Structure formats: structure tokens, C-alpha cells
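Here's the structure, in C-alpha cells; my notes come after.
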Amino acid sequence: WDVRRNVTLTGAYGWYYQSHPFVRYTADPNGANQELPHYHAIQYVLGTRWIPRESSLISVEGYYKTYDGLLISEETLARETEDDWSLRSEKLLPERDKEAYGLEIFFQQKLATNWYGTVSYSFGESKTVDEAYGERPSDYDYRHVMTWVGGYKTSLHRNQGFRNFQKKW
């Protein structure tokens, strides 16, 4: 939605289903994992983008995602919840949930003068919940990430040292 000529609000919502990696379906030699249901995620994204001048961009975007139907092994579940260390099983159960949310701030300066670059900062948190281990940080739980890339454009043809170097070749 264009709020003003140079300010835009964006939003997205989605409900996604995805199959597990193929190796999960074949992990149990007895075929117990062949009919695993796909896990699904619900995702919300809200952001704004501001272009203060033609060569600059500032954006802020937040997200929230929930996942359910993620896999945990039957053996792990029995060991951690019932203290049963005798069970040997390759069967996987869709009993794990996950939640992730975060915010990203992004600045971009295109090459309008001699300087250009991007700076971004992201905060995110990702938590997994299951009966065996409770709530804990999950994969891709990178709390703070900052990236800076920049450069300066110059013309070496105006530099006498570079011109002398070229003549040697």
C-alpha cells in the first residue's frame, strides 16, 4: 500500500505445507515413516519502506511464524519422558512445534556520488517445543545479526601513479 509517494506499507500472510527431507521417510526399515504428514507453517509479515531520495532506501520488516508437525524420534520421546532406555525405534512422530519471530532494519545507498553501501541489522528468536525437551532455542536462532557492505568509486585514470603503471604494460 503506497501511503505517500515515497512510503510503502507491505504485509503478507501465508499457510504453507512442506514435506520432510526424503531420508526421514526411509529412516525406519519397517516402513513406519512412509506416511508421515507434512509439517505446516503459518507466517505473518509486516513492513514499511521509505525512499527519502532516489538513491536511498530505508526499510523495517517484522515477522512471526509458527510451525507444527515437526519430527521427533519415538525413541527420544520415550527416553526423555518415561526414562525408558530400552526402546529401539527409528519411527518418527510429528510431535514438535516451533515459533520464530524477528525484526530487520535495512539501509541502502545506491551509487549516486562516489559512496555506496548497505547496512542491515536483524533481531530474531526461534524456539522449539516438544514433550521430551520442553521449550528451548531451535535451529537458526541467531539473535543479533549485523551486515555492512560498502564501497567508494574512484577514477584511477586521474591518478598519475596509475597512468605511469599503465604505460609500463
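Of the residues making up segment 78-86, at least one is buried (at least 16 other Cβ atoms within 10 Å of the Cβ), of a type outside the set (Phe, Trp, Tyr) and part of a helix (DSSP H, G or I).
Within segment 26-61, the set of residues being of a type in the set (A, V, I, L, M) and within 20 Å of the chain's Cα centre (by Cα) comprises 41, 42, 45, 46, 58, 60. Within segment 129-147, residues that are over 30 Å from residue 108 (Cβ atoms) and modelled with pLDDT of 85 or more have Cβ atoms under 7 Å from residues that are part of a strand (DSSP E or B) and open to solvent by 90 Å² or more (accessible area, probe 1.4 Å) in these pairs: 129/135, counting only partners at least 6 apart in sequence or on another chain.
Can we say residue 121 is in a strand (DSSP E or B), modelled with pLDDT of 95 or more, hydroxyl-bearing (Ser, Thr, Tyr) and surrounded by 14 or more Cβ atoms within 10 Å (Cβ to Cβ)? Here the answer is yes, as residue 121 does meet what is asked.
Pick from segment 29-44 the residues that are hydrophobic (A, V, I, L, M, F, W, C) and open to solvent by 30 Å² or more (accessible area, probe 1.4 Å): which of them is farthest from residue 97 (Cα to Cα)? That would be 32. Residues in segment 1-28 that are surrounded by 10 or more Cβ atoms within 10 Å (Cβ to Cβ) and among the charged types (D, E, K, R) were compared, and the one that is modelled with the highest pLDDT is 24. Take the conditions (1) over 24 Å from residue 33 (Cα atoms); (2) part of a loop (DSSP other than H, G, I, E, B); (3) open to solvent by less than 50 Å² (accessible area, probe 1.4 Å); residue 113 misses just one of them, which is (3).
Taking interchain pairs and intrachain pairs at least six residues apart, which have beta carbon atoms under 7 angstrom, with the first residue in segment 34-58 and under 17 Å from residue 119 (Cβ atoms) and the second of a type in the set (Gly, Ala, Ser) and in a loop (DSSP other than H, G, I, E, B)? Sorted first by the residue in segment 34-58, then by its partner, the pairs are 55/112. Applying the condition of being touching a Ser or Thr at 6+ places or on another chain (Cβ under 8 Å) and either under 21 Å from residue 20 (Cβ atoms) or not small (Gly, Ala, Ser) (or both) to segment 52-77 and asking which residue is most open to solvent (accessible area, probe 1.4 Å) yields 61. Just so you know, in segment 87-110 the residues that are open to solvent by 80 Å² or more (accessible area, probe 1.4 Å) and touching a Leu at 6+ places or on another chain (Cβ under 9 Å) include one that is farthest from residue 70 (Cα to Cα), and it is 110.
Scanning segment 124-153 for residues that are loosely packed, with under 10 Cβ neighbours inside 10 Å and of a type in the set (Ser, Thr, Tyr) yields a single hit, 140.
The values are calculated or read from the model by the stated rules, or taken from the named source; none is laboratory data. It should be emphasised that the depicted structure is a prediction, and the values quoted were computed from it without experimental measurement. Glycine also receives a Cβ, built like all others from the backbone with ideal geometry; neighbour counts cover every protein chain displayed. To get the accessible areas, we keep the full protein, side chains included, count just its heavy atoms, and leave off ligands, DNA and RNA. Shrake-Rupley method; radii C 1.70, N 1.55, O 1.52, S 1.80 Å.
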